[in-house]
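Take a look at the structure set out below.
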Amino acid sequence: MCGIVGYSGNKQAAAILIDSLKRLEYRGYDSAGIAVFDNNGMEVYKEKGRIVELEKDLPEISGFIGIGHTRWATHGKPNKINAHPHASGSIAVVHNGIIENYQELKEKLSRSGYEFVSETDTEALAHLIKYYYRDNLIDAVISALKDIKGSYAIAVLSGSELVAARKDSPLIIGLGEGENFIASDIPAILKYTRKIIFLDDMEIASVSKDNVIFYDTDKNPIEKKVSVIDWNLEAAEKSGYEHFMLKEIHEQPRALHETFAGRISELEGKITIDGLNMTEAQIMDTSRISIIACGTSYNAGFLGKYLFEELSGIHVDVEIASEFRYSHSIPGSLVIVISQSGETADTLAALREAKSSGCRTLAITNVMGSTITREVENVIYTRSGPEIGVAATKTFISQLGVLYLLVLYFGKCKGKLSQERMSRILIAMKQIPSHITRLLNTKDAIKKFAETVSSSSDVFFIGRTLNYPIALEGALKLKEISYIHAEGYAAGELKHGPLALITKLTPVVAIATKGLTYDKVVNNIKEVKAREAPVLAIADEKDSEIEKYVDEVIRVPTTEDILSPILSTVVVQLLSYYIAKARNCPIDQPRNLAKSVTVE
Ligand code: F6R
């Protein structure tokens, strides 16, 4: 995610803003900028790339109040024009999140004479605040926020006024002596203060050097509690979590929320996918899809195959990118490459191969401006925010989110999916982020099972149909971070060989959520139990049968059958995490692995 800082005090603001932004560098960004006000007016400086690039051209700026930002591109390329702050006259804004109705606002404001120079959603907000501005910034911000749909954490500067507000994106206020701060993350300002106020959704703060006043959206003053942070800097970077992986697992509700933002209208039962750029006729003509990816992204693609085939009737091949170039791509088919980083060399090579064979190409990625996005025809962004732990977690969940959107969209165009079913699934999809939050609050059973199996040498993950790719993902997560040998198997395949390995020393994780193959998976569970394997089942919360057959059950909230793989994913991620933790493994940087694999 992007980083926000703000300062009002008796020191030079520019130096403090730059220093605070540098403390957010670990989160990843592609451009940076600051706006500072002094008696001569407001000055805005921004640059593509690292903060040192911004610093290089900064003149001496005097001024005691300002805002700053590190941007992780979501709307528009990573470049200087799209970097924040965005200004409208004397108002400057930095923003994290997504303004879903920015196109609509842009059209309205353009008709009123406002000129847009960037491709960002944030610029619409800057103009909207200016549109409402009379002589009081807080009133203008409150009016503007009433018009916007989406998520935001913002800091707004106008003259000597500084305002902060949030909805679905974190923002804090730091209290100092004769100075006060705004930040999206604690590490940004920990050097200056440990006294923090966490802004809640729909709250607004007016920040000056001596005072911070909090309001609700009707401008009623509200009382806020001050927390004193005792974390060290390293803990603060991880928001108090022990590892980035655990933090990123907990960020999944928000990541998925962003993935869906502006793309689902559950009321109308409709999906809009920015970046797809295919007409209904082109979708009707698509009879074959190849999904190409590596590792975790491959597992997401594999689930995509099941979904596409069930809901759109289109035949899908899923291929490991490093093998694709040796197979024969079919000209005219749609090739979807999935890559969190957008830089994976094998996936890039496969994309080039597909293009040279005359295939239409589409990428699902998290990194705007990455090599794959520059070479592919169309891109859909996952919008998970930067992922720091080497093991992919939140980006996988967001990849699944995009795949569900695509599949439903294709299924509807192809006439294979009724409006009634589509509407039902969309309503359920919107609830998935809060189901994940619920799951994350019930970790004890997962921890307990993790401890009992942490000394095992082999673990099996089994599942059928939609749960088979999640079994593969569970096994991949476990082997990469805990170094335990793990296998993901289609449960029905066990008896064709691997059953020979099952003993009381090989724990089995069985994904047994309700659905088409539930009874068959229960039979497979009985097969492994008969060989005395300890079994953990991932099952529906309403399943009152399963505990008869297994040693431990982790329950996931009830949802549409086809969506339950998203919830089971969270369980296998946490399980892998707690097993690796019990084994004292370096979870965020497993041996021999890199976050971005740019060699073939
Ligand atoms: C596993 C993991 C890797 C990546 C793979 C592809 O946790 O992160 O398996 O999924 O290297 O990377 P991307 O998605 O960046 O192409």
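Given a 1.4 Å probe and the protein chains as shown, Lys238 ends up with an accessible area of around 20 Å². Based on C-alpha pairs under 8 angstrom that are at least 6 apart in sequence, segment 473-600 has a relative contact order of 29 percent. Summing Cβ point charges (Lys, Arg +1; Asp, Glu -1) relative to the Cα centre of segment 1-160 gives a dipole of roughly 240 debye.
Distance from the Cα centre of segment 148-210 to that of segment 276-305, in angstrom? First find each Cα centre; the distance between them is then 41 Å. With R₀ set to 25 Å, the beta-carbon distance separating Met202 from Thr437 gives a calculated FRET efficiency near 0.85.
Per-residue SASA remark: Ser327, around 40 Å² accessible (1.4 Å probe; ligands, DNA and RNA not included).
Taking the 1.4 Å solvent-accessible surface of segment 35-169 as the whole, the part contributed by carbon and sulfur is 45%. At q = 0.24 Å⁻¹ the log10 of I(q)/I(0) for segment 514-600 amounts to -1.19, computed by Debye summation with a single uniform scatterer per C-alpha, solvent ignored.
Across the options Tyr215, Ile229, Leu199, the greatest Cα extent toward the positive end of the charge dipole of segment 193-233 (unit charges at beta carbon of Lys, Arg, Asp, Glu) belongs to Ile229. Listed by chain and number, the aspartates and glutamates whose alpha-carbon sits under 16 Å from that of Lys447, ignoring those within fewer than 8 places in the same chain, are Glu242, Asp551, Glu552.
Only Cα sites of segment 48-155 enter the Debye sum here, all with the same form factor; the resulting log10 I(q)/I(0) across q = 0.13 1/Å is -0.49, listed in q order.
Once the cut-off is 19 Å, how many percent of the Cα-Cα pairs in segment 165-274 end up in the long-distance tail?
Details: 3363 of 5995 pairs.
Everything past 19 Å amounts to 56 percent.
When N counts the residues of segment 447-565, how does its alpha-carbon radius of gyration compare numerically with 2.2 N^0.38 Å, as a ratio? Don't skip to the answer; put the middle values down first.
Working: Rg = 13.0 Å, N = 119, 2.2 N^0.38 = 13.5 Å.
With N residues counted in segment 447-565, Rg over 2.2 N^0.38 Å equals 0.96.
Note on surface exposure: Asp139, Asp444 rank Asp444, Asp139 by accessible area, highest first, 1.4 Å probe.
Which value, to two decimals, describes the C-alpha radius of gyration of segment 1-94 once divided by 2.2 N^0.38 Å?
Details: Rg = 12.1 Å, N = 94, 2.2 N^0.38 = 12.4 Å.
Compactness ratio reported: 0.98.
Quick note on segment 101-219: its Rg to Rh ratio, both from C-alpha atoms and Rh being the Kirkwood radius, is 0.99.
Heavy-atom accessible surface of the chain, averaged per residue, reaches 38 Å², computed with a 1.4 Å probe.
Counting only heavy atoms of the protein chains and using a 1.4 Å probe, Asp147 has close to 50 Å² of accessible surface. When a 1.4 Å probe is rolled over the protein heavy atoms, the share of accessible surface on segment 362-492 that falls to carbon and sulfur comes to 48 percent. Computed about its Cα centre, the charge dipole of the chain is approximately 700 debye, with only Lys, Arg, Asp and Glu carrying charge at their Cβ. Based only on the alpha carbon positions, what is the Kirkwood hydrodynamic radius of the chain, in angstrom? Taking the inverse mean of 1/r over all distinct Cα pairs, the chain comes out at 25.2 Å.
When the residues Thr272, Thr382, Thr517 are ordered by accessible surface, computed with a 1.4 Å probe over the protein chains alone, the sequence from largest down reads Thr272, Thr517, Thr382.
Each of Cys585, Tyr549, Ile525 was placed along the dipole of segment 492-600 (beta-carbon charges, centred on the mean Cα), and the one lying farthest toward the positive end is Cys585.
Among the GluC sites (Glu not before Pro) in segment 39-128, those placed in a DSSP loop whose Cβ has at most 15 other Cβ atoms within 10 Å are Glu60, Glu115, Glu119. Atom-type composition of the exposed protein surface of segment 212-316 places 49 percent of the accessible area on carbon and sulfur (1.4 angstrom probe).
Figure note: Trp72, Trp231 ranked by solvent-accessible area, largest first, 1.4 Å probe, ligands and nucleic acids not counted: Trp231, Trp72.
Both the radius of gyration and Dmax for segment 1-51 are 11.4, 34 Å, in that order, over alpha-carbon atoms. Any chance you could check the Cα centroid distance between segment 21-98 and segment 3-20 for me, in angstrom? Here the two parts' Cα centres lie 11 Å apart.
Normalised by the number of residues in segment 216-301, what is the relative contact order in percent for Cα pairs under 8 Å and 6+ residues apart?
Working: 21 pairs, mean separation 7.9, N = 86.
Once normalised by length, the contact order is 9 percent.
The values are calculated or read from the model by the stated rules, or taken from the named source; none is laboratory data. A quick note: this is a predicted structure, and the numbers were derived from the prediction, not measured. Glycine gets a Cβ as well: all are built from the backbone with ideal geometry, and neighbour counts include every protein chain shown. Accessible surface areas use protein heavy atoms only, side chains included; no ligands, DNA or RNA. Shrake-Rupley method; radii C 1.70, N 1.55, O 1.52, S 1.80 Å.
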